[in-house]
Amino acid sequence: MVIALILASFLAADTSGAVRAAERPRTTPAPSVADRVVVEKQAHRLTLYHGGRAIRTYYVALGASPVGDKQRAGDDRTPEGVYTIDSRVERSQFHLALHISYPDAAHRARAAKRGESPGGDVMIHGLPPKFSFIGAAHRNMDWTAGCIAVTDEEIEEIWRAVPNGTKIEIR
């Protein structure tokens, strides 16, 4: 279903390669190391910081139900809070992935109170290999199960710039 939504989005998108000015990421090259990542869900924007200065911005697709904090497994929401990039997944169903330390203790406790799983496996990732041709058009709709998706080229850049242990704030 997710793949069908991506494909439908691509087919409905402007495939001329033109990108509206408001959607153009900054062209500043990514640094060798970022010390903080901030994801602004409403703006669909992921920004890398170094020394308190924004150094690179990417536009993203989020969970298919992007409004609000993740409550439980399967709700298709991207969590909110402060986490850590805690591992790298080189061979995933997507083109590279950086694992986010969700769920934290608060999310686990709230879910346990309701008798539910808080979910997990939240990542920043590229596209599924057979859909990499879609490129930036994937951002025309939120389609992930709660992750933060960028193009394959962008995840390669983020992969190089963001070491394990980097703080990520999702708001």
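The values are calculated or read from the model by the stated rules, or taken from the named source; none is laboratory data. No experiment lies behind these values; they were computed from the predicted model shown. Please note: Cβ atoms are built from the backbone with ideal geometry, for glycine as well, and neighbour counts cover all protein chains shown. Accessible surface is based on the protein model in full, side chains and every heavy atom, while ligands, DNA and RNA are left aside. Shrake-Rupley method; radii C 1.70, N 1.55, O 1.52, S 1.80 Å.
Can you give me the number of residues within segment 133-150 that are open to solvent by 50 Å² or more (accessible area, probe 1.4 Å), more than 13 Å from residue 63 (Cα to Cα) and of a type in the set (Gly, Ala, Ser)? So that I can check it myself, show each step before the final result.
Our first condition is that a residue be open to solvent by 50 Å² or more (accessible area, probe 1.4 Å); within segment 133-150, this holds for 133, 140-141, 145.
Next, from what is left, pick out any that are more than 13 Å from residue 63 (Cα to Cα): 133.
From what's left, of a type in the set (Gly, Ala, Ser): none.
Of the residues in segment 133-150, 0 are open to solvent by 50 Å² or more (accessible area, probe 1.4 Å), more than 13 Å from residue 63 (Cα to Cα) and of a type in the set (Gly, Ala, Ser).
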query: Is it fair to say residue 40 is at pLDDT below 95 and of a type in the set (Asp, Glu)?
result: no
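Return the residue satisfying two criteria in turn: it lies in segment 151-171 and is polar (S, T, N, Q) and either under 14 Å from residue 60 (Cα atoms) or open to solvent by 20 Å² or more (accessible area, probe 1.4 Å) (or both), and of such residues it is farthest from the chain's Cα centre (by Cα). Lay out the reasoning, then the answer.
Narrowing segment 151-171 to residues polar (S, T, N, Q): 151, 164, 166.
Okay, now just the ones that are also either under 14 Å from residue 60 (Cα atoms) or open to solvent by 20 Å² or more (accessible area, probe 1.4 Å) (or both), so 151, 164.
Details: 151: 10, 164: 16 Å.
Top of the filtered list is 164.
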message: I'd like the full set of residues that are acidic (Asp, Glu), under 19 Å from residue 44 (Cα atoms) and out of contact with any strand residue (DSSP E or B) (no Cβ under 6 Å at 6 or more places or on another chain), limited to segment 75-95.
response: 75
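I'd like the full set of residues that are β-branched (Val, Ile, Thr) and free of Cβ contacts under 8 Å to residues at least 60 places away in the same chain, limited to segment 59-87. It would help to see each step written out before you state the result.
Let us first name the residues in segment 59-87 that are β-branched (Val, Ile, Thr), namely 60, 67, 78, 82, 84-85.
Correct list: 67 only.
With respect to residue 128, determine if the residue is open to solvent by 20 Å² or more (accessible area, probe 1.4 Å) and not aromatic (Phe, Trp, Tyr).
The answer is no for residue 128.
Given the criteria of a type outside the set (A, V, I, L, M, F, W, C) and more than 18 Å from residue 170 (Cα to Cα), does residue 66 qualify? Please lay out each step first, then the result.
Details: of a type outside the set (A, V, I, L, M, F, W, C): yes; more than 18 Å from residue 170 (Cα to Cα): no.
Judged against the criteria, residue 66 is not a match.
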statement: Scanning segment 34-59 residue by residue, the ones that are surrounded by fewer than 16 Cβ atoms within 10 Å (Cβ to Cβ) and among the hydroxyl-bearing types (Ser, Thr, Tyr) total 0
message: Looking at segment 126-150 only, could you name the residues that are part of a loop (DSSP other than H, G, I, E, B) and aliphatic (A, V, I, L, M)?
response: 127, 141, 145, 150
- prompt: Do any residues in segment 88-99 that are in contact (Cβ under 8 Å) with a residue 40 or more places away in the chain have Cβ atoms under 7 Å from those of residues that are open to solvent by less than 80 Å² (accessible area, probe 1.4 Å) and acidic (Asp, Glu), where the two are at least six apart or on different chains, and which pairs are they?
  reply: 95/152; 96/156
